[in-house]
1. Residues with beta-carbon under 11 Å from that of GLY142, excluding GLY142: net charge, scoring Lys, Arg +1 and Asp, Glu -1?
2. How are the alpha carbon pair distances in segment 210-328 distributed across 5 Å bins from zero to the largest one, expressed in percent?
3. Give me the Debye-computed log₁₀ of I(q)/I(0) at q = 0.11, 0.13 Å⁻¹ for segment 12-85, equal point scatterers on Cα only, no solvent, two decimals.
4. Report the calculated FRET efficiency for VAL271 and ALA80 (r = Cβ-Cβ distance, R0 = 35 Å), to the nearest 0.05.
5. Net charge within 13 Å of MET83 by Cβ-Cβ distance, Lys/Arg positive one each and Asp/Glu negative one each, not counting MET83 itself?
6. Would you work out if segment 1-154 is rounded, prolate or oblate? Take a ≥ b ≥ c from the square roots of the eigenvalues of the alpha-carbon gyration tensor; rounded if a/c is under 1.5, else prolate when a/b is larger than b/c, oblate otherwise.
7. What percentage of the solvent-accessible surface of the chain, computed with a 1.4 Å probe over protein heavy atoms, is contributed by carbon and sulfur atoms?
8. How large is the Kirkwood hydrodynamic radius of segment 248-311, in angstrom, based on all distinct alpha carbon pairs?
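The values are calculated or read from the model by the stated rules, or taken from the named source; none is laboratory data. Keep in mind it's a predicted model, so treat the numbers as computed, not measured. For neighbour counting, all protein chains shown are included, and Cβ atoms are generated from backbone atoms with ideal geometry for every residue, glycine included. Accessible surface is based on the protein model in full, side chains and every heavy atom, while ligands, DNA and RNA are left aside. Shrake-Rupley method; radii C 1.70, N 1.55, O 1.52, S 1.80 Å.
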Amino acid sequence: MKIAFVGKGGSGKTTLSSLFIRHLAASRIPVIAVDADINQHLGAALGLDEESAAALPAMGAHLPLIKDYLRGSNPRLPSAETMIKTTPPGQGSRLLRVCEDNPVYDACARTVPLDDGSVRLMATGPFTESDLGVACYHSKVGAVELCLNHLVDGREEYVVVDMTAGSDSFASGMFTRFDMTFLVAEPTRKGIAVYRQYKEYARDFGVPLKVVGNKIQGPDDLAYLRSEVGDDLLVTVGHSDWVRAMEKGRPAAFTQLEEGNRRALQALHGVADASYERRDWERYTRQMVHFHLKNAESWGNAKTGADLAAQVDPAFLLLEEVATAQPA
């Protein structure tokens, strides 16, 4: 299951995504955690010290390896150089599974031990001083999008992505790659504005969206949020002494997380799991091709000097079953 956490900067989406990841790991569910935010804080939220978090490999730095591996023997991709972030898989492409070892995970993922279990953590890499004025951060998250396009995951296998803040997630088609999107919203006008913008964009593509209310301090905050987001409000999360201790570098055992917040995480898990029954691989593949053709026409053809529409394999449908026949 592919799960995204979105929200305005400072809403608490990284904290909530890290808690959800911990909840899944404690339930012995395989998890790949992906930090796709321009501010790379997911590693620290999962308990890594500053040095270990800074040492995480950047997916963007390994983009040539990722492309070459995923290309496989796909005859529509004669070279990795013509692949872009939206390039879809086809016959002969290598696909990724959550529970496997492969060169992409070897290069880009690191195992993070938690109280009860562990997760694989991947990160796009920080926006560095050398990028200022010459690079767009979305060129870095392209590695994540390419991997999601080639990912075949099943029930009780999770990829949880901490997305970049605000509406920046819509700068590519990556927002359509998820079974469920959790929007973390504060009971403020800015928080509601981000919700409305995301809701409007997501509606046209059938993106499932639920709101997680955060920083709720009383009945008035809850009433305000309910009046603004209606049935999209799934659950609210209150103040957490456990989270505050974790942020100070003195985390308690995860079993000591407040009961109300543990119930909130269980609600998220239930909704995410239920989304499996609504999976539509045909629509998923069609949207992948749609955004690839848009990117090809907008900039991809000019950048690569190739007709990227030819990369689309019209007979290929991404399904859980196709991952059983991987090319050598």
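1. +2
2. 2, 8, 11, 11, 11, 10, 10, 10, 12, 10, 4, 0
3. -0.43, -0.56
4. 0.40
5. Counting the neighbours of MET83, the net charge comes to +3.
6. oblate
7. 50 percent
8. Its Kirkwood hydrodynamic radius stands at 16.1 Å.
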